[in-house]
Amino acid sequence: MAELVPVEEFDLIIFGGTGDLAMRKLLPALYHRDRDGQITATSRIIAASRGDVSRDDYLARVEEALRANLNEGEFEDEQWQAFRERIHYVQADASDHDKWGDLCEMLKDAGDRNRVAYLATAPSLFGPFATGLRHNGLVTANSRIVLEKPLGRDLASAEEINNAVGHCFAENQIFRIDHYLGKETVQNLLALRFANSLFEPLWRRGAVDHVQITVAEDLGVGNRIEFYDRIGALRDMVQNHMLQLVCLVAMEAPSSLHHDAVRDEKMKVLRALRPITEDNVRTHTVRGQYTAGAIGGQTVEGFDDELGGKESTTETFVALKVDIDNWRWSNVPFYLRTGKRLKDKHSEIVVQFQEVPHSIFPEQRFDVVPNRLTIRLQPDEGVKLSVMAKEPGPGGFELKPVSLDLSFEETFGVRYPDAYERLLMEVLRGNPALFMRRDEVESAWQWIDNIIASWQEANQKVESYVAGSWGPTASSLLLDRDGRSWQPD
Ligand code: BG6
């Protein structure tokens with residue numbers, strides 16, 4: 001396991017400290033980092049929210065959340081006793097900056113230790129909280145602010161947030177989270193591409209036929225349904241996570257791992273995305289919405305039923321054909337699909353190589369199947385390379401597709417940390433490489449806004465799919481038209 005270096009003493013203020021994200025993700029992640037000795041005893045985690053809650057009551061809620069969200073055997077009483085000492089609670093309202101006395105009092109003697117404000121709140125509060133911090137003199141040279149997604153719902157609202165926060169913090173102090181960038185396998189993509197010389201000559205047009213990226217979920221939208229009904233799958237998953245994956249697969253090698261070197265290369269990919277317009281939106285996009293069905297033997301309701309019978313036109317599934325207009329990827333489409341209530345939860349990137357130019361094995365039981373590199377992001381993180389091999393035996397010459405399959409968990413034999421564990425430590429270290437720069441977020445929104453406008457102009461309807469399937473038939477047709485199919489089919 002990689003060496004764990006403790007982070008310098010810090011104050012981490014979590015606005016939205018009683019919310020779902022804090023309880024389900026942030027505090028369990030911090031507990032793990034504390035358990036591994038990365039958090040110094042004098043560091044403080046200061047939860048802030050509107051409610052008048054005593055510290056003891058807050059700690060009781062945190063304990064309950066940890067017990068519910070940690071894996072079996074991970075909650076240990078002794079460890080909890082140490083961790084709870086670092087946790088504090090203050091009341092702070094985004095709309096009343098003059099009543100942040102408790103927080104100011106707590107921070108007044110903190111000197112120049114690292115100070116991080118994590119906004120685990122609705123995006124409409126990002127500006128007000130940033131302003132509140134500045135108004136109360138709480139922004140120091142060692143301050144950082146973390147913004148959770150969604151960063152707005154279109155380019156205009158994202159710019160508004162960026163301007164408001166940018167008024168109080170310098171760009172290098174702003175950390176915009178996309179938790180996919182904290183996933184181990186997503187980072188492994190960098191290792192695979194840039195720590196091996198094997199793939200680079202093949203990682204381009206001429207060798208790659210196309211790329212597929214699937215982020216499938218079997219779950220529905222749960223208690224976020226009203227919020228989700230206002231945004232849909234394109235904004236929820238493609239604007240951020242999926243476009244970041246496209247960038248990491250498609251970008252040129254950065255000159256170093258310096259944050260701006262990596263982000264400059266990602267930006268070039270975003271700029272090269274061919275706009276989807278009214279003219280090609282029907283051939284390049286599919287919108288879907290699930291109806292009632294069954295997943296893993298359980299019957300589930302349709303999206304409209306979950307909304308109490310409302311006839312929603314929001315997409316819970318989207319598939320796209322994406323063209324990247326540059327030398328490396330010209331005429332090599334990237335097909336993306338993501339959706340709720342699909343057959344199972346899995347995310348993977350498939351790099352499909354071209355067919356052999358001429359087969360010398362004409363009379364085989366199997367066709368010569370083109371090579372395929374599959375990068376599994378979740379579950380069972382790993383990499384699989386499919387190759388053709390000769391079936392053993394003295395008679396004939398039979399070919400068979402087989403896999404060189406690497407499971408990271410089996411190979412490294414360690415617990416895979418949650419993305420938030422790494423991201424929180426990176427913020428505390430002040431390393432923004434795994435966070436989105438303002439221009440990346442805005443460029444991604446611009447591309448997404450075009451699609452949404454084109455859907456409206458072309459009056460593109462959502463197509464239904466049965467919960468537990470792989471999405472609407474039109475999603476298969478999107479590839480079928482090009483003589484391709486989703487993997488696994
Ligand atoms: C979030 C989306 O950003 O990512 C959710 O808002 C989605 O709708 C989630 O369920 C998926 O994350 P993961 O890590 O479970 O793949």
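The values are calculated or read from the model by the stated rules, or taken from the named source; none is laboratory data. Since this is a predicted model, take the numbers as computed values, not measurements. For neighbour counting, all protein chains shown are included, and Cβ atoms are generated from backbone atoms with ideal geometry for every residue, glycine included.
Structure data summary
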{"read-out": "Residue selected from the stretch 144-181 under the condition modelled with pLDDT of 95 or more and among the small types (Gly, Ala, Ser), by the criterion surrounded by the most Cβ atoms within 10 Å (Cβ to Cβ)", "value": "158"}
{"read-out": "Test set (1) of a type in the set (Gly, Ala, Ser); (2) at positive phi; (3) within 16 Å of the ligand (Cβ to nearest atom) - residue 182 fails condition number", "value": "(2)"}
{"read-out": "Selection within the stretch 8-26 - within 14 Å of residue 121 (Cβ to Cβ), surrounded by fewer than 21 Cβ atoms within 10 Å (Cβ to Cβ) and more than 22 Å from the chain's Cα centre (by Cα)", "value": "18"}
{"read-out": "Residue match in the stretch 315-323 (condition: under 19 Å from residue 216 (Cβ atoms), within 16 Å of the ligand (Cβ to nearest atom) and surrounded by fewer than 16 Cβ atoms within 10 Å (Cβ to Cβ))", "value": "no"}
{"read-out": "Residue check, residue 147 in contact (Cβ under 8 Å) with a residue 12 or more places away in the chain, in contact with a Leu (Cβ under 7 Å, 6 or more places away or on another chain) and within 16 Å of the ligand (Cβ to nearest atom)", "value": "yes"}
{"read-out": "Extreme residue, farthest from the ligand (Cβ to nearest atom), among residues of the stretch 185-200 that are of a type in the set (A, V, I, L, M, F, W, C) and farther than 14 Å from residue 349 by Cα", "value": "198"}
{"read-out": "Total residues in the stretch 62-84, condition exposed (fewer than 10 other Cβ atoms within 10 Å of the Cβ) and not in a helix (DSSP H, G or I)", "value": "3"}
{"read-out": "Condition broken by residue 338, with the remaining ones in (1) within 22 Å of the chain's Cα centre (by Cα); (2) of a type in the set (S, T, N, Q); (3) farther than 22 Å from residue 454 by Cβ satisfied", "value": "(3)"}
{"read-out": "Hits in the stretch 32-60 (condition: out of contact with any Asp or Glu (no Cβ under 8 Å at 6 or more places or on another chain) and over 30 Å from residue 95 (Cα atoms))", "value": "34, 36, 37, 38, 39"}
{"read-out": "Total residues in the stretch 333-381, condition without any contact (Cβ under 8 Å) to a residue 40 or more places away in the chain and of a type outside the set (Asp, Glu)", "value": "14"}
{"read-out": "Residue count for the stretch 119-160, restricted to those that are assigned to a loop (DSSP other than H, G, I, E, B), over 22 Å from residue 429 (Cα atoms) and under 21 Å from the mean Cα position of the chain (by Cα)", "value": "7"}
{"read-out": "Identity of the residue in the stretch 265-293, surrounded by fewer than 17 Cβ atoms within 10 Å (Cβ to Cβ) and among the acidic types (Asp, Glu), that ends up farthest from residue 331 (Cα to Cα)", "value": "278"}
{"read-out": "Counted residues, the stretch 466-489 - those being among the aromatic types (Phe, Trp, Tyr) and over 23 Å from residue 299 (Cβ atoms)", "value": "1"}
{"read-out": "Cβ-Cβ under 6 Å pairs, at least 6 apart or on other chains, the stretch 36-53 side of a type in the set (Lys, Arg), far side at pLDDT below 95", "value": "50/93"}
{"read-out": "Whichever residue in the stretch 331-343 is more than 15 Å from the ligand (Cβ to nearest atom) and of a type outside the set (S, T, N, Q) and, among such residues, is modelled with the lowest pLDDT", "value": "343"}
{"read-out": "Pairs with Cβ under 8 Å, 6+ apart, first in the stretch 232-253 and within 17 Å of residue 450 (Cβ to Cβ) and in contact (Cβ under 8 Å) with a residue 40 or more places away in the chain, second within 11 Å of the ligand (Cβ to nearest atom) and acidic (Asp, Glu)", "value": "240/178"}
{"read-out": "From the options 429, 422, residue that is within 30 Å of residue 27 (Cβ to Cβ) and in contact with a helix residue (DSSP H, G or I) (Cβ under 9 Å, 6 or more places away or on another chain)", "value": "422"}
{"read-out": "So residue 159, is it more than 16 Å from the ligand (Cβ to nearest atom) and of a type outside the set (A, V, I, L, M)", "value": "yes"}
{"read-out": "Residue match in the stretch 300-310 (condition: buried (at least 17 other Cβ atoms within 10 Å of the Cβ), of a type in the set (A, V, I, L, M) and either more than 16 Å from the ligand (Cβ to nearest atom) or not in a strand (DSSP E or B) (or both))", "value": "yes"}
{"read-out": "Residues satisfying the stated conditions in the stretch 201-232, i.e. among the aliphatic types (A, V, I, L, M) and within 9 Å of the ligand (Cβ to nearest atom)", "value": "215, 219, 221, 231"}
{"read-out": "Residue 34, sole failed condition from (1) of a type in the set (Asp, Glu); (2) buried (at least 18 other Cβ atoms within 10 Å of the Cβ); (3) modelled with pLDDT under 95", "value": "(3)"}
{"read-out": "Listing of helices (runs of 4 or more DSSP H) fully contained in the stretch 384-461 that carry 2 or more residues being touching a Leu at 6+ places or on another chain (Cβ under 9 Å)", "value": "419-429, 438-457"}
{"read-out": "Residue in the stretch 234-262 that is nearest to the ligand (Cβ to nearest atom), counting only those that are in a helix (DSSP H, G or I) and more than 27 Å from residue 331 (Cβ to Cβ)", "value": "236"}
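Every residue, every condition in (1) modelled with pLDDT of 95 or more; (2) within 16 Å of the ligand (Cβ to nearest atom); (3) aromatic (Phe, Trp, Tyr), yes or no:
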{"site": "345", "(1), (2), (3)": "no, yes, no"}
{"site": "348", "(1), (2), (3)": "yes, yes, no"}
{"site": "359", "(1), (2), (3)": "no, no, no"}
{"site": "365", "(1), (2), (3)": "no, no, no"}
{"site": "369", "(1), (2), (3)": "no, no, no"}
{"site": "374", "(1), (2), (3)": "yes, no, no"}
{"site": "388", "(1), (2), (3)": "no, no, no"}
{"site": "392", "(1), (2), (3)": "no, no, no"}
